[in-house]
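Here the structure is laid out as structure tokens; the discussion comes afterwards.
The values are calculated or read from the model by the stated rules, or taken from the named source; none is laboratory data. No experiment lies behind these values; they were computed from the predicted model shown. Here the Cβ positions follow ideal geometry from the backbone for every residue, glycine too, while neighbour counts run over all protein chains shown. In case anyone asks, the SASA skips ligands and DNA or RNA and just uses the protein heavy atoms, side chains included. Shrake-Rupley method; radii C 1.70, N 1.55, O 1.52, S 1.80 Å.
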Amino acid sequence: MDHFLYKTGVLHAEDVAIPEIAAAVGTPFYVYSAATLTRHFRLFDEALAGTDHLVCFAIKSNSNLAVLKLLGDLGAGMDVVSGGEYRRAKAAGVPGERIVFSGVGKTPEEIRLALTGGIRQFNVESEPELRVISAIATELGLRAPIALRVNPDVDAKTHEKIATGKSENKFGIPIAKARAVYAEAAALPGIDVVGVDVHIGSQLTDLAPFEAAFRKVRELTLTLRADGHDIRRLDLGGGLGIPYTRSNLAPPLPVEYGAMIKDVLGDLGCEIEIEPGRLISGNAGLMVSSVIYLKEGEGRNFLILDAAMNDLVRPSMYGAHHDIIPVIEPEPGTAPAPIDIVGPVCETGDTFAKARDLTPVGPGDLVAFRSAGAYGAVMASEYNSRPLIPEVLVQGDHFAVIRQRPSFKEMLGRDSIPEWL
Ligand code: LLP
């Protein structure tokens with residue numbers, strides 16, 4: 001459920017009409033609903049009620065400071081994967097003890113930043129990384145709380161580019177090796193072993209792979225405890241999928257996911273951490289674009305928008321589907337017709353949808369891409385020298401620009417021409 005509905009024939013974000021925002025900021029832009037973000041965070045928080053837990057929002061899905069502040073104020077922790085994301089979490093007011101640091105290639109600078117600024121735990125992905133954390137923590141006279149990210153060799157049954165839990169993927173420490181690496185961790189100076197971490201992939205639409213991975217984590221936890229490690233925290237990663245179309249089979253709900261977690265791991269007495277990104281932010285955002293041209297081709301027609309693959313890369317990168325709807329509600333009975341929906345970037349990959357059924361729209365009309373709040377703005381680039389598009393947050397009947405559209409002057413001003421040219 002989200003808060004993007006037609007009201008008196010016009011698409012609204014909560015109580016704000018989309019054309020009102022378009023008039024204020026121009027197109028294209030991203031718009032997020034505070035009520036939807038809040039609702040989605042609470043669904044996870046409530047799903048784990050009764051167990052000691054922390055819902056750590058995966059910043060990579062949407063890293064706008066206003067979004068992080070909103071979630072942080074609700075009590076969310078944050079899952080970060082870079083020094084930049086760590087800085088964002090802190091700038092949004094989230095304390096270090098609610099920030100977990102994931103990622104396969106943390107640099108010494110990033111480790112130092114998190115250790116000095118405060119960190120709940122590092123999710124460690126290799127022995128070399130473990131040793132670097134130990135060395136830096138020792139040098140700083142600190143103890144680094146760590147969990148090892150184990151790779152459970154489970155098929156997440158999702159898009160190959162976002163599956164992470166198979167042994168051929170670059171992520172984590174093979175679960176069969178975990179005991180030995182935990183033994184090394186416990187013996188290293190400056191390291192405090194606190195838990196086990198796992199993340200098997202993103203946009204999972206079935207609980208079975210999660211459950212298979214969590215059962216392996218359970219077994220490992222029992223083994224590690226028998227080895228003398230005080231495993232008191234389990235980080236179960238993110239990955240619960242969202243419905244990208246209105247018609248497809250709905251993925252499991254957070255409450256079902258939470259019930260399964262409690263069922264599989266509840267008796268271990270561990271604190272549970274989860275790292276959802278997409279389910280919190282995905283359906284809390286739209287990308288709004290204007291039609292530039294309607295072009296009649298041979299045997300097919302093209303709707304050319306002012307948004308492009310650089311603004312929302314998911315369709316060209318993963319072949320992902322986003323529902324695209326007109327901002328002015330079509331009259332009942334208006335027949336949709338198939339059309340290719342494309343952006344102005346100079347490559348064929350800049351195609352949002354092929355032969356998509358859409359009711360007629362023409363130049364100047366607004367369309368909205370649904371489910372664009374996750375992995376939308378954060379993956380945008382300036383390809384074709386198109387400035388990053390603004391982000392807007394709506395709450396009730398008011399809205400604010402939470403990221404300005406940069407001017408061309410700012411964009412060009414980042415380059416410099418050496419004096420010897
Ligand atoms: N935790 C870790 C360690 C992760 O790597 C990820 C996502 C998450 C949590 C959050 O997963 P989520 O709940 O959002 O599924 N750009 C791709 C998605 C990449 C996901 C990468 N890792 C897309 O647009 O589909």
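Taken as a whole, the structure places A187 among residues that are modelled with pLDDT of 95 or more, more than 12 Å from the ligand (Cβ to nearest atom) and open to solvent by 70 Å² or more (accessible area, probe 1.4 Å). Screening S134 on (1) within 22 Å of the chain's Cα centre (by Cα); (2) assigned by TED's automatic domain parsing to the domain that holds V198 shows it passes everything except condition (1). Within the stretch 145-184, the set of residues being in a loop (DSSP other than H, G, I, E, B), away from the ligand (no atom under 13 Å from the Cβ) and open to solvent by less than 50 Å² (accessible area, probe 1.4 Å) comprises P152, V154.
Screening the stretch 307-350 for residues that are over 22 Å from G26 (Cα atoms), open to solvent by 20 Å² or more (accessible area, probe 1.4 Å) and of a type in the set (D, E) and picking the one that is farthest from the ligand (Cβ to nearest atom) gives E331.
When the residues of the stretch 331-365 are filtered to those that are of a type in the set (A, V, I, L, M, F, W, C) and over 26 Å from the mean Cα position of the chain (by Cα), which remaining residue is farthest from A13 (Cα to Cα)? Result: C346. Set side by side, the residues A92, A76, A49, A58 differ, and just one is open to solvent by 30 Å² or more (accessible area, probe 1.4 Å) and either within 15 Å of the ligand (Cβ to nearest atom) or of a type in the set (A, V, I, L, M, F, W, C) (or both), which is A49.
Report whether or not G103 is without any contact (Cβ under 8 Å) to a residue 24 or more places away in the chain and away from the ligand (no atom under 15 Å from the Cβ). No, not satisfied. Would the stretch 264-278 turn up any residue that is in a loop (DSSP other than H, G, I, E, B), open to solvent by 40 Å² or more (accessible area, probe 1.4 Å), more than 16 Å from the ligand (Cβ to nearest atom) and within 29 Å of R42 (Cα to Cα)? Yes, some residue in the stretch 264-278 is in a loop (DSSP other than H, G, I, E, B), open to solvent by 40 Å² or more (accessible area, probe 1.4 Å), more than 16 Å from the ligand (Cβ to nearest atom) and within 29 Å of R42 (Cα to Cα).
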